[in-house]
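S.K.: Supplied in structure tokens, the structure appears directly below.
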Amino acid sequence: MNTRTLGRCLACGHEGPFPLLGMKYVWEGTEFPAVQCPRCSMRFLRVQPEGDSLAAMYSATYFESDFRCGRSDTHSFDEASFRDENAGLLDRFEKYRGQGRLLEVGCASGWLLKHAAERGWKVTGVELSADAVAHARGLGLDVRQGTLAEANLPAASFDLVYLGDVLEHVPDCRETAEQVAKLLAPGGHFFLRGPITTHSLARSLALAAAGIAGSAIVLREPPYHLWEFTPRSLEGLMRRVGLEVVVLEQAKIPPGRAHGRKGALTRAAMAVLDSVNVPVTRAFNALGDRVVMVAAKPAGPR
């Protein structure tokens, strides 16, 4: 397993040491401990997979079962399962910029881009997985394989850039956010949707208990999430790259199938806490485990 160990917070530049968060992944004989930056509150894996080891985690199997934290009942290549969801997303996009120039980073199988093009958007995609890129290109879409930096797209060339369940996976969340800001035209919008798992009631209590006990929650699964965002750390990240957060909506996944390997007692406790968490999040926009964030690029010089 090829890994790197971060000596500073990539989100704000703070040099370590970093307090342990009380959580770690264990995968293929390697531990990936989570820490929290004392300056900007960003949570991240201090040891991270890199290079070929990181790329290998996103094979076709990931898009069939593990994408969206394994909480989807279908696979990424099933168009019908995502048509209604994509229609809702596009309705929201069009409130900001009509049918303009759309970039999706981490476009997976390409269904959102396909549906956007059908509605008049000019679409471009970027995707790391060769399997997903092949599928998207088979739909006739302009999808670049590799990272956002490798796509070498022109500055100020998009009205809206969308990342859905992506930013937590990238090796450098600030670098990616800076690239998005550069690619946005003045007045354009960065639309992000994804997990804020450690912010939920169940996970917050579990992390607090682990901290008191001097132990750690052990997740025996691939370390897909290199970054564990919270509303506060996301807002700070956007400010540092020159964007202004205009929407930050939290949501809570209802009680149901727990992700990963968990015992019956743990699953039962999570179900009880989640049943409390759902109405709290709906009423107060707090303690969610999912977020929709929209950040705007200034229309002119500040």
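The values are calculated or read from the model by the stated rules, or taken from the named source; none is laboratory data. It should be emphasised that the depicted structure is a prediction, and the values quoted were computed from it without experimental measurement. Glycine gets a Cβ as well: all are built from the backbone with ideal geometry, and neighbour counts include every protein chain shown. Heads up: the accessible areas ignore ligands, DNA and RNA and are worked out on the full protein's heavy atoms, side chains in. Shrake-Rupley method; radii C 1.70, N 1.55, O 1.52, S 1.80 Å.
S.K.: State the Cα centre-to-centre distance between region 94-150 and region 159-200 in whole Å.
M.R.: 15
S.K.: Please get the size of the charge dipole for the chain, origin at its Cα centre, with Cβ charges of +1 on Lys and Arg and -1 on Asp and Glu, quoted in debye to the nearest 20. Before the final figure, lay out the partial values.
M.R.: Details: 35 positive and 33 negative charges, 177 e Å.
Using only the charged Cβ atoms, the result is roughly 860 debye.
S.K.: Moving on. Which ³J(HN,Hα) values, rounded to whole Hz and listed in residue order, are derived for region 160-165 from phi using the Karplus coefficients 6.51, -1.76 and 1.60 in 6.51 cos²θ - 1.76 cosθ + 1.60 with θ = phi - 60°, glycine and proline given as x?
M.R.: 8, 10, 10, 10, x, 6
S.K.: Also: From the helices alone, meaning DSSP H stretches of at least four residues, give me the mean residue ellipticity at 222 nm for the chain, per-run term -39500 (n - 2.57), in deg cm²/dmol to the nearest 500.
M.R.: Working: 9 runs with 97 residues, N = 302.
Rounded to the nearest 500, the figure is -9500 deg cm²/dmol.
S.K.: Mind listing the long-range amide H neighbours of Val247? Cut-off is under 5 Å, sequence gap 5 or more, other chains count too, H placed in the peptide plane at 1.01 Å from N.
M.R.: Val294
S.K.: Follow-up. Any idea which of Met1, Gly140, Gly194 is furthest toward the positive side of the dipole for the chain, if Lys and Arg beta-carbons carry +1 and Asp and Glu beta-carbons -1?
M.R.: Gly194
S.K.: Of Cys107, Ala271, Thr61, which is farthest along the charge dipole of the chain in the positive direction, counting Lys and Arg as +1 and Asp and Glu as -1 at C-beta?
M.R.: Result: Ala271, furthest along the dipole toward the positive end.
S.K.: Continuing with this model, one more query. Which residues' amide hydrogens lie under 5 Å from the amide hydrogen of Tyr25, considering only partners 5 or more residues apart or on another chain, with H built in the peptide plane?
M.R.: Sorted by chain and number, the residues that satisfy this are Phe32, Ala34, Leu219.
S.K.: Next question, about the same structure. Which listed residue (Pro231, Leu205, Pro255) has the Cα farthest towards the positive end of the charge dipole for region 197-256, taking +1 on Lys and Arg C-beta and -1 on Asp and Glu C-beta about the Cα centre?
M.R.: Leu205
S.K.: Now, a different point. Taking all protein chains as present, what is the carbon and sulfur share of the accessible area of the chain, in % to the nearest whole number, probe 1.4 Å? Spell out each step's value before the answer.
M.R.: Details: 7080 of 13460 Å².
Summing carbon and sulfur atoms, their accessible area is 53 percent of the total for the chain.
S.K.: Run the 1.4 Å probe and let me know the accessible area of Arg193, rounded to the nearest 10 Å².
M.R.: About 40 Å², rounded to the nearest 10.
S.K.: In region 202-245, what trypsin sites (Lys or Arg not before Pro) fall in a loop by DSSP, with at most 16 other Cβ atoms inside 10 Å?
M.R.: Here the trypsin sites (Lys or Arg not before Pro) that fit, given the DSSP loop and packing criteria, are Arg220.
S.K.: Give me, ordered by chain and number, the residues 5 or more places off Ile196 or on other chains with an amide H under 5 Å from its own placed amide H.
M.R.: Here Arg290, Val291 satisfy the definition.
S.K.: Where the only charges are on Cβ atoms (+1 Lys, Arg; -1 Asp, Glu), what is the dipole of region 60-206 about its Cα centre, to the nearest 20 debye? It would help to have the intermediate numbers written out before the result.
M.R.: Values: 16 positive and 21 negative charges, 95 e Å.
Using Cβ point charges on Lys, Arg, Asp and Glu, region 60-206 gives about 460 debye.
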